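Data first, discussion second: the structure below is written as structure tokens.
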Amino acid sequence: MISNAKMNLGQLLIRQGVLDEDQLAHATSEHKRTGIPLAKILIRLGMVSEDTLTSILGVQMQSTTKMRIGEMLLAQKYITQEQLDQALDEQKKTGKRLGRTLVDLKFMPEERLVEILSKQFEVPYVKLENFALDPEAYTYLPEDLCRTYKVVPLFISKGEDERRVQREALTIAMTDPTNMRVINIVKFKVKMEVDIVMASDADVVKTIDRVFAGHGSTNEESLAELIGESKDGEELETVERGQGNSDEPELTDEEGRAVVKIVTTLIHEAIARHASDIHLEPQETFLKLRYRIDGDLQVMSPIPARLMPQILSRIKLLSKMDIAEKRKPLDGRFTVRYKGSEVDLRVSSFPISLRKRGVCEKIVMRILDPNSGQFPLKDMGFDPRVLKQFIDAINAPNGIVLVTGPTGSGKSTTLYASIREILDSTINISTMEDPVELNIDGVNQGQINNAAGFTFAAGIRALLRQDPDVIMIGEMRDQETSSMAIEAALTGHLVFSTLHTNDAAGAFPRLLEMGLEPFLVSTAIKGVLAQRLVRRICKYCKEPVEISPSLREELHLSPDMQFYHGKGCDKCEGSGYKGRCGIYEFLVPNETVRNLIIKRSSGDVIKRAAMQECDMITLRMDGIQKALDGHTTLEQAVGASAADD
């Protein structure tokens, strides 16, 4: 009854990338020659490990004889005759299938039942939690149909049947492969052939939730899931700066309302997950969605291609960007209200070219949550000695304090924390930023606007006439800006700024390369803080880990040093990490270092002198100490301080 709709075990493994066509052909010929089940042949030939097979499929071997379900369970000694008789009596009362009755009576687990049914019907049994679902397949069946009939669309396959006729089929997972009514309903809906695999009832329901309702624990969440998490009628509550809430245009068509809900939900979801960026990247057949969480990009649910233009236009509309302009990069910004607080989103579009679609726009939204990242300096993971030195530097009456590191290393967070540390009603603190990322009450924050002539250099000139005590400059990016910052520092102002260098000592050669005078640099700089962000070990699954002798020898680590890692749990979604922490290197120039700067010595020479004479703790030293303390892994510490070798 189901032979025309069942999915061949070999085809299933090819689809999952476990086998190739040649391997399957060889294994199939051995199966026909010996009569041994294909799964066993694959294991014996070493083509598939038993672990791999059982992670995707159940412990499943094809049966050569057809038996009634009760007889099969008795033969395998999964149930007793007494349990079977009791289940048959219960079945007469409820009308349920015998297998379901046995599970309800707790005489056997559901997974065992599905394995037996799989043998009986010669239909592959699949563990959906380990199965790679095809995003395109979700778009063929609506959520209500999947929930009503308990089916999960897995993937679309194209090829030839036995008669060499082109065949396109949707493979679905269901709990009852004998239910031809459901199979025919799915066929009618998708207008193509349907292949069947089996899965447990609980696995099917859980996967439908993961795909459509947002209750799964994996990172892959579908478009329907994003829609499902939004309440009916909920729209993104945007905040018009200085004018209160904006009236968003009403969208009357169903798809338009869906777009509003999708954009709302993906932004809310990103904020809830503490993502720093949202990436929307057009592909030929779908819109790729990724969140940057704890420094790493995580792939979320793909959005169907048919909604791609509306999604991108909706975001551009919110950002007050020119919707008609798609050929050049644009910038925008908007503010949303989430759980009673306001969150800023900085939006950037970038034209990309696809082979079939032509020019499309990639959009990245930077989330600037004023409620996140506001750590006091004492909670940012500084070594106690470094913290004291840094607080002394930012409380100095004048000079420059630099924070260096690559993009995304937390420089802005450190500068904002420094400003909050010294914030006082008796001093005037002014900033020039591009852009202003977080607003701090009591601080005069200026937004650079090059088109209007408000450059860093022009801003410094204006600020010096504003009677400042402390100036924060977003970045010392050129000679003019740097010269004026040094001049401000030498005339009695305290200046905070950032620079892109690998380590603290490298800041001095970089400034000299800009054309600044060595004696001015050596006099003005009061301290340089280099920093990196490393992933923090999940506290719920942290455990000791062994380090190889070769790595210990390479890093000069003694055998008694104990390091840790996260083995992965539900709290950290299996990654072993949750959140991030900083590693720091703070260089306070002494007389020797200042003399080396005047001599234009290299960063390496300055660094060695700082380590010897200033007892500077390097990035590598601080990273390894944090690994020993169990805050991060040794791999994270070494990777983040690679330039510190």
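The values are calculated or read from the model by the stated rules, or taken from the named source; none is laboratory data. Bear in mind that the values here come from a model prediction, so they are computed numbers and not experimental data. Quick reminder, even Gly has a Cβ in these numbers, built from the backbone with ideal geometry, and neighbours come from all protein chains shown. For the accessible areas, the whole protein counts, side chains as well, though only heavy atoms, and no ligand, DNA or RNA atoms are used. Shrake-Rupley method; radii C 1.70, N 1.55, O 1.52, S 1.80 Å.
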Seminar exercise, completed: Eigenvalues of the alpha-carbon gyration tensor of the stretch 552-645, times 5 and square-rooted, give semi-axes in Å, largest first, of 33, 14, 10
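Taking only protein heavy atoms and a 1.4 Å probe, what accessible area per residue, in Å², does the stretch 270-402 have with all protein chains in place?
Roughly 46 Å² per residue, with all protein chains present.
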Seminar exercise, completed: Averaged over all viewing directions, the convex hull of the alpha carbons in the stretch 467-586 casts a projected area in nm² of 11.3 nm²
Exercise. Around Asp277, which amide H atoms from residues at least 5 apart in sequence, or from another chain, sit under 5 Å from its own amide H, with H modelled in the peptide plane?
Worked result: Arg292, Ile367
Problem set entry | Approximate spin-label separation Leu555-His500, in nm, with each point projected 7 Å along Cα-to-Cβ | 2.9 nm
For this session: Please work out how much accessible surface Thr148 shows to a 1.4 Å probe, ignoring ligands, DNA and RNA, in Å² rounded to 10.
Result: 100 Å²
Seminar exercise, completed: Stretched fully, the stretch from Glu342 through Thr407 gains (0.36 nm per residue minus C-alpha distance, one decimal, in nm) 20.9 nm
Problem set entry | Spin-label pair Met611/Arg461, simplified geometry with 7 Å Cα→Cβ offset, distance in nm | 4.5 nm
Problem set entry | Estimated FRET transfer efficiency (Asp144, Ile14; beta-carbon r; R0 45 Å; 0.05) | 0.90
Exercise. Using r as the Cβ-Cβ distance of Glu71 and Ala272, and R0 as 51 Å, what FRET efficiency do you calculate, to the nearest 0.05?
Worked result: 0.50
Exercise. Under a 1.4 angstrom probe, counting protein chains only, how are Lys40, Lys362, Lys328 ranked by accessible area, largest first?
Worked result: Lys328, Lys40, Lys362
Problem set entry | Debye log10 I(q)/I(0) for the stretch 414-505, one point scatterer per Cα, at q = 0.11, 0.24 Å⁻¹ | -0.29, -1.39
Exercise. In the stretch 370-479, how does Rg compare with the Kirkwood Rh, expressed as the Rg/Rh ratio over alpha carbon atoms?
Worked result: 0.95
Exercise. Ranked highest first by the average count of other Cβ atoms within 10 Å around their residues, in what order do 616-629, 597-610 fall?
Worked result: 616-629, 597-610
For this session: State the percentage of accessible surface on the stretch 371-524 attributable to carbon and sulfur atoms; use a 1.4 Å probe and exclude ligands, DNA and RNA.
Result: 48 percent
Problem set entry | Spatially proximal lysines relative to Lys378 (Cα-Cα < 18 Å; intrachain offsets below 8 disregarded) | Lys388, Lys411, Lys626
Exercise. Rounded to the nearest 0.05, what FRET efficiency do Thr285 and Phe454 have when you use their Cβ-Cβ distance and R0 = 56 Å?
Worked result: 0.80
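Compute the Rg/Rh shape ratio of the stretch 268-319: radius of gyration over Kirkwood radius, all on alpha-carbon atoms. Working shown, then result.
Numbers: Rg = 11.4 Å, Rh = 11.6 Å.
When Rh is taken as the Kirkwood radius, the ratio is 0.98.
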For this session: With a 1.4 Å probe and every protein chain left in place, work out the accessible area per residue of the stretch 524-645 in Å², rounded to a whole number.
Result: 50 Å²
Exercise. With +1 on each Lys and Arg Cβ and -1 on each Asp and Glu Cβ, how big is the dipole of the stretch 491-549 about its Cα centre, in debye rounded to the nearest 20?
Worked result: 360 debye
Seminar exercise, completed: Expected vector for the stretch 570-585, Karplus 3J(HN,Hα) from phi with 6.51, -1.76, 1.60 and θ = phi - 60°, integer Hz, x for Gly and Pro, equals 5, 5, 10, 6, x, 7, x, 10, 8, x, 9, 9, x, 10, 9, 9
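By how many nm would the segment from Ile547 to Ala324 lengthen if fully extended, with 0.36 nm per residue of separation less the alpha-carbon distance?
Using 0.36 nm per residue and subtracting the Cα-Cα distance, I get 74.6 nm.
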Seminar exercise, completed: Mean separation of Cα contacts under 8 Å (at least 6 apart) over the residue count of the stretch 367-498, i.e. the relative contact order in percent, is 31 percent
Exercise. On average, how much area does the Cα convex hull of the stretch 290-380 cover when viewed from any direction, in nm²?
Worked result: 7.8 nm²
Exercise. Taking 0.36 nm per residue of separation and subtracting the Cα-Cα distance, what length does fully extending Ser425 through Ile598 add?
Worked result: 58.5 nm
